[in-house]
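Structure first, commentary second.
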Amino acid sequence: MPSSNFNIDAVRADFPILHQQVNGHRLAFLDNAASSQRPESVIEAVSNYYRKDHANVHRGVHTLSHRATDAYEGAREKIRAFINASSIKEIVFTSGTTEAINLVAHSLGQTWQAGDEVILSRMEHHSNIIPWKLLAERIGIVVKVAPINEHGELLVDELAQLFSAKTKLLSIAHVSNALGTVNPVAELVALAKQHNVPVLIDGAQAIPHTKVDVQALDCDFYAFSGHKMCGPTGIGVLYARESLLENMPLFMGGGEMVIAVSFEKTIYNDLPYRFEAGTPPIAQAVGLGAAIDYLDALGMDNIAAYEHELLEHATAALSAIDGLRIIGTAPGKAAVVSFVFDDIHPHDLGTVLDHQGVAIRTGHHCANPVMDFFGVPGTARASLAFYNNAEDIEQLVKALHVAIGMFR
């Protein structure tokens, strides 16, 4: 099954965590939508930073501070190029997608009033629901929700009817973490532009799987996390159009985001630093930069093509199991297969699979509205990455048959 353009054996050799046994079986790690694994190059980049270069950044005059600053800001430039932002001023480091979305909500919310509206979709992760619900509770904004159909597809025509003169933002997932559905974000941005409404895209589940070009998308905000794309935990990115950032109220106060402070007057730092209060995630940025180097070397187009082969293989293999129902059958999907099996609770399935060395995610996946729509308490979710192979899928299917034998 491996693509001729993708040497899966060489790729797997780069990930030390994959070469172990769990509960007496080879590890089949199929929980990548929750968090991906790291190649040796990322682990070494973080380790070498701590061994040789660690110091605080930006204002130090000594050599280690200069080295740390170069590595930290070098990572920012790598991210800019990776998503084709026009300037490093548009790249704000955060702790992850969640903080990035909260930054936008907190900042823009300072300029909104009761009755202003935000449009979301039914398939959003809780991180793209709760910040807006908090604003609804605090200042009385209205959260409008675009529906989905039984395949897990966004109903774009119905979303289009939600815009009004009071709409302040469309905030939408690029890819559903629970269903794998790939939303037509370029079309949605164009639609929002017709109403002069800015667009925030939650890209946490898209950035590991496909090439993202924020200028081509013409979006205003794009949020993603390092740990989903082979980088460290504790770091994320908010891409924000420079013209918007220049006029947005500040998010947090403290060091780094200021040039001068007195009790009479504060001079705030330039972009993007005025939105990065406190000691930044230096080692995490170094690791994220190394992850981007790794992904670039493989090629995002090659990754997308290989993962599509894996998805087709996994979908066919799971569909052949009697009693298994796939939740999320949109034609356009990322490498995620969520499923339920007869009356077996997903947690029970996950436990049995773990005993067979197969790691999947079970539960509501921080997407309760999706589960409510499909009438299930949760799903079992196998999420694939470019370092998975056909053997992982075969091990998943074999483990599911073991589970079936136990519960029937």
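The values are calculated or read from the model by the stated rules, or taken from the named source; none is laboratory data. Worth saying up front: this structure is predicted, and the values here are computed from it rather than measured. Counting neighbours? That spans all protein chains shown, and the Cβs are built from the backbone with ideal geometry, glycine included.
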_Residues of segment 62-93 classified as part of a helix (DSSP H, G or I), in contact (Cβ under 8 Å) with a residue 40 or more places away in the chain and of a type outside the set (A, V, I, L, M), total_ = 7
_List pairs: first residue in segment 287-311 and free of Cβ contacts under 8 Å to residues at least 40 places away in the same chain and more than 11 Å from Cys230 (Cα to Cα), second residue of a type outside the set (Lys, Arg) and crowded, with 20+ Cβ neighbours inside 10 Å anywhere in the structure, Cβ distance under 8 angstrom, at least six positions apart or on different chains._
His308/Ala335
*Find the residue count for segment 144-169, including only residues that are more than 21 Å from Asn368 (Cβ to Cβ), touching a residue at least 12 places away in the same chain (Cβ under 8 Å) and surrounded by fewer than 23 Cβ atoms within 10 Å (Cβ to Cβ).*
7
*Does Ile172 satisfy the condition of being assigned to a strand (DSSP E or B), crowded, with 19+ Cβ neighbours inside 10 Å and within 23 Å of the chain's Cα centre (by Cα)?*
yes
_Test: Leu64 is under 30 Å from Leu311 (Cα atoms) and over 22 Å from the mean Cα position of the chain (by Cα)_ = no
*asked:* Looking at segment 25-46 only, could you name the residues that are in contact with an Asp or Glu (Cβ under 9 Å, 6 or more places away or on another chain) and of a type outside the set (A, V, I, L, M, F, W, C)?
replied: Arg26, Pro39, Glu40, Ser41
*Do the conditions hold for Ser35, that is, is it polar (S, T, N, Q), under 24 Å from the mean Cα position of the chain (by Cα) and not in a helix (DSSP H, G or I)?*
yes
_Is it the case, given these coordinates, that Phe386 is under 22 Å from Arg38 (Cβ atoms) and not in a helix (DSSP H, G or I)?_
yes
_Given (1) assigned by TED's automatic domain parsing to the domain that holds Val358; (2) farther than 30 Å from Ser176 by Cβ; (3) surrounded by 14 or more Cβ atoms within 10 Å (Cβ to Cβ), identify the lone condition not met by Tyr72._
(1)
*Residue check for Gln215: of a type outside the set (Gly, Ala, Ser) and surrounded by fewer than 21 Cβ atoms within 10 Å (Cβ to Cβ)*: yes
*Does Ala283 satisfy being under 25 Å from the mean Cα position of the chain (by Cα) and more than 30 Å from Val189 (Cβ to Cβ)?*
yes
*When only residues in segment 92-109 that are buried (at least 22 other Cβ atoms within 10 Å of the Cβ) and of a type in the set (Val, Ile, Thr) count, which is nearest to Ser164 (Cα to Cα)?*
Val104
*Is it fair to say Arg80 is touching a strand residue (DSSP E or B) at 6+ places or on another chain (Cβ under 6 Å) and in the same structural domain as Gly236 (by TED's automatic domain parsing)?*
yes
_Looking at Glu187, Glu150, Glu158, Glu137 in this structure, which one is assigned to a loop (DSSP other than H, G, I, E, B) and among the acidic types (Asp, Glu)?_
Glu150
*In the set Trp112, Trp132, which member is surrounded by 18 or more Cβ atoms within 10 Å (Cβ to Cβ), assigned to a loop (DSSP other than H, G, I, E, B) and aromatic (Phe, Trp, Tyr)?*
Trp112
